[in-house]
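Read the figures in this text as sums done on the coordinates, not as results from a lab. Here the structure is a predicted model, which means the values were calculated and not measured. Ideal geometry is used to build each Cβ from the backbone, glycine not excepted, and the neighbour counts take in all protein chains shown.
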Amino acid sequence: MVTNFGLIGKISALIGDLLTDEDFQNLLGEQKVTGIASYLKNTPGYQPYLSSYDIELLHRRDLELILNQSNVDILLRLRNFSQAEETTVIDFILLGFEVENLKLVTKFVLLEAYSPLEEVEKRLYQLANWSKVDFGRLLRYHTFEELLSALSGTHYYQLFQAASSRFVRGPNLYSIENSLDYWYFSRLAKGIERFSSSAKKLAWRFFGIQGDLLNVELIYRLRFIYHLAPENVYGLTVPLFYYFDPDRARDLTNTSQISEFMGYLTRSPYRKVFWGWEESAEILDEIFERRTLSYRYQTAKNFVKSKLSSLSMLLGYSALKDFEVRDLITVIEDVRYSLDARLAERYFIRPVEVVSLSGS
Amino acid sequence: MAVERMNGVTICGNRKYQAEILSQVISFGNFEPVSWEKVIPKEIRTSLNQETTSRSSSWEEFYRLLVKLHELSGRKPHPRPVLSKTIGQDLEKFWELAQIWEKEMSQKLEEIAQLKQELRRLGYTRRHLRTLRSLEIEIKDLTELQGFVVKFGRILAMYFDRLIEGINDLPVLVIEVDREGESCWVLVIALPRMEEETNRILNSIHFEQYTLPEVILPGPIEEVYFRVSDQIKRTQLEIEKKTIELKEIFYQNRTYIYDLLDHSYVLCHVNQLLGTGGMSDNFFALAGWVPADKVEKLEKIITEHPQALLIIEEDREFEKTGEEAPTLLTNFSFFQRFEVLVKMYGFPNYREIDPTPVVALSFLFLFGFMFGDVGHGLVLSLAGFLYYLVAKSDFGYILGWAGISSSLFGLLYGSFFGFEYIISPWWRRPMENISYFLGVSVFLGVGMVSLAMILGMINSLQRKDWRSLILGGGGLAGFGFYWLAVWMVVSYFLRGELPAPAFLWVGVLLILLVLVFLKDVLETKTNRGEAAIQSFFLLFDEILRFLSNTVSFIRLSAFAVNHAGIFLAFLAISETINGGAFAGFSRFLVLFLGNLLILGLEGLVVFIQTLRLEYYELFSRFFSGQGRVFQPFRFRH
């Protein structure tokens, strides 16, 4: 794994553009969504994406879309400076966005235009020349067969073709979305395996933690909220195993009591996340909705500290930027619905204290 | 030979004539609509609303139906952008008429669809039977298997491992019967008491169970197989019959269908275009981009309609609304073929120089420099142009010219198929003047990096980005630093000392560095301390880039020498072959294969190295590649 100083320089500059805790405290003090947009327009990280917009005309939903799109744009830009495994990692993250686009398009086409086409089109991630799929065009189709033939020549064709008989009996969105996720994560896992040993170690630590925590949350919800049988649950986990390898993941799905499940987790390397749990819906929600993400946030922070590994910085930065946008959307929701700032604090991924704000 | 200048235009008109006006605008083919909400003044906008979606989608639906009628009748639809006068006058009648055809044809279509579904099901049955035949199991044995639950069906192949992991601890047998693309056919045999668990596992991986229809089960497997084949044939014939009935409806009404196709084709596009604009009960308004040299033509179209109005604005004025101008490249035919090299990296921004001519010339120069050989160049050129003629590929064209450049450099180096004594060099032989060529490469590097910086400065000028122009690492400060540093290094190597007074020049260098350092700091409005730290590291990166970008060009001479070196190796091998009846032929064979290897492998490596120099050392200095392609609204199927 060769250190790419050019990329390190670019990412260092981008890390400098990330919002600070003070920024988030200021944003929570805003009274209107336009105030948030205006504030962001004056920050170096978001100025390029908002400069061409008339803030007064900007709708909350549009602002969220611009923020989400900024994640894609930055990756496309960084791709020009990346090499070898860095490019592959960026490609995998972009592939995730492409898969999300495909899910959106499939849903739109198969549910026969559940909302205006223009609205759905705006929600597509713009992947420029990186993606070979013209999602705007796909949205204009009306049947699964048309969608299938338009995907010919892409890596989704065979997947959709194999699922086609299921669609003869009517749209089965859950099945196709689940298959797409499964396909994405298994492709990611196989891709990482082809990395050089040091890059593989880094990438597994990063994506593996993501896979583990995703699976843990999934098992928790399916087993203890929807009360699905263990045999059902294991099949639905994503094939990105790190500490919770297939055997351990099966052990987790086989637990029958929440105490047994949480006990297993508190004995795992992720014990910090699950420590001090109580059998209350509020605390369990807080653990699975926020603490798991906060743990990944902290991991990403550690990744960017390694100033000598461009891959490590790239992985860490991409996650930090994503978490920042998610937190910004929390702020937007909070301001839009005039909620107490403390509620936003509860859902923040980053550790932000808003006590000082309570008076404002 | 540049990025085409754009004008912003607003088209307003009476809705009564919208189809006539806008069909001509679409045929004009050089209007790219933009979102009207940003561009059209607020006071006009409030009196307009958007209500095109339902009408647009009904026309689209109608158009698709007509296309389908064509397809079912075995004809390819060729819609023309022509509004039908007959239909225009009596639209309601034709809608009704078309709805009757639609009803009749939909019924036929529905029947065909059902038959096709049946055909698909039968196809699976036949496949099922075929796969079971390979297992040498009788259907009766399988269905009457006592004490076991047997399931046959398919899953996505990627789930196969998950299935095996899932049943790992259960007394369940899974046999992979067949693979077909991403699908995997499996036979699952379980104990009845395990049926529930097995079903759950199979459901979680979206197992698609296949059950044989009872009616076809009786009899030996071969017999069942032929019965299903006959059923397939009958269903196919039934589909053909229904399709002919469908075609009859088409041919009875063909003239009208053609007219309707053309008409709905135009209206689909007109409504789509109107979807980007605004409308009131009486007026419509659209805004968009038009290449400046095409505006006059559009003006002529609009003035033909007294009910329409065209407002033309300069690009900068139009961009104030927040609409970034798109990019349209207009290069000479020769350079146009090289656009592919630029597009592989990105598309030029509207306020950016189109690098295609620079890329075309520098690519040919750098390729020729590294792969200078008269013979190899001619072969490459021939192969490239042939490929271009056959496949119409731009890469063939580029390779053809790269071969010519290679031949010209071959004359300068005196190299012909690797032999260095057949022709005398017009300049020098790289192999005999390695130090000289190394020096030349570095100076070429200085020249290319400087050229990239100048282009970058022109881009800053076009964007009116004064700070980057003056203080940027790629701006005047960076340029001054780079040339001063080059001059001092050259002086040191030539005279063994820095130019006097050294402290003065070193001082100037430091001042220029401070200017570059200040650029990012001044750009940051908040937290300048942090910005200063970042800027310091970026400055370090900038200096390293100056050095690495320049030194990177050493590869020019390295490959020029390498070219001769590889051939020498093959020549040496061929000279070791002495004696024997076929010595001459063997020597020729070694040299022939050597030349092939040089042409194929080295040619490819040099091609990649040239692209690398273009992208990493040059483009990164001046080209963002973040442009948006000009996409005019045109008639398309």
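Details
- Inter-label distance for residue B:237 and residue A:258, nm, one decimal - labels placed 7 Å from Cα along Cα-to-Cβ: 6.6
- Checking the cross-link pairs A:41/B:519; B:76/B:297; A:272/A:305; B:68/B:294; A:132/B:108; B:16/B:297 against a 27 Å limit on the alpha carbon distance flags B:76/B:297; B:68/B:294; A:132/B:108 as lying beyond it.
- Residues A:258, B:301 arranged by fewest to most Cβ contacts within 10 Å: A:258, B:301
- GluC sites (Glu not before Pro) restricted to segment A:34-117 and DSSP loop, no more than 12 other C-beta within 10 Å: A:112
- Label-point separation in nm, residue B:637 to residue A:56, each point 7 Å along Cα→Cβ: 4.8
- Segment residue B:248-residue B:177, extension gain: residue separation times 0.36 nm, minus the distance between their alpha carbons: 21.0 nm
- Scanning chain B for DSSP H helices at least 30 Å long along the axis (C-alpha atoms) with a Kyte-Doolittle mean no lower than 1.0 picks out B:434-463, B:502-523, B:554-575.
- Here the relative contact order of chain B, from alpha carbon pairs under 8 Å that lie six or more residues apart, stands at 21 percent.
- When the charge dipole of the protein assembly as shown is built from unit charges on Cβ atoms (+1 for Lys and Arg, -1 for Asp and Glu) and taken about the Cα centre, the candidate among B:595, B:11, A:7 whose Cα reaches farthest toward its positive end is B:595.
- Residues B:21, B:458 arranged by fewest to most Cβ contacts within 10 Å: B:458, B:21
- Contact order relative to length of chain A, as percent, for alpha carbon pairs under 8 angstrom and 6 or more apart: 21
- Of the chymotrypsin sites (Phe, Trp or Tyr not before Pro) found in segment A:263-330, those in coil by DSSP whose Cβ has at most 14 other Cβ atoms within 10 Å are A:275.
- Cα Rg, Dmax, segment B:303-378, angstrom units: 19.9, 67
- 5 Å-binned pair-distance histogram of segment B:465-551 (Cα, whole percent): 3, 15, 22, 22, 18, 11, 6, 3, 1, 0
- For the cross-link pairs B:116/B:241; A:32/A:107; A:122/B:464, the ones whose C-alpha atoms lie over 22 Å apart are A:32/A:107; A:122/B:464.
- Dipole axis of segment A:5-357 (+1 Lys, Arg; -1 Asp, Glu on Cβ), positive-most option in A:270, A:202, A:47: A:202
- Label-point gap, in nm, between residue B:463 and residue A:329 - each point 7 angstrom along Cα→Cβ: 2.9
- With R₀ fixed at 45 Å, the C-beta to C-beta distance from residue A:65 to residue B:86 puts the FRET efficiency at about 0.50.
- Prolate/oblate/rounded call for chain A, Cα gyration tensor, a/c under 1.5 rounded: rounded
- Estimated from helices alone, the mean residue ellipticity of the protein assembly as shown at 222 nm is -20000 deg cm²/dmol (sum of -39500 (n - 2.57) over DSSP H runs with n ≥ 4, per residue).
- Of the DSSP H helices in chain A, those whose Cα atoms cover at least 24 Å axially and whose Kyte score averages -0.5 or more: A:60-79, A:84-110, A:173-193, A:197-220, A:310-336
- Shown here: the protein assembly as shown, whose C-alpha atoms stretch 100, 97, 79 Å along the first, second and third principal axes, sorted largest to smallest.
- The stretch between residue B:577 and residue B:522, if pulled fully straight at 0.36 nm per residue, gains 12.7 nm over its current Cα-Cα span.
- Take the Cβ atoms of residue A:243 and residue A:275, set R0 to 22 Å, and the FRET efficiency comes out at 0.85.
- Multiplying the residue separation of residue B:14 and residue B:450 by 0.36 nm and subtracting their alpha-carbon distance yields 151.4 nm.
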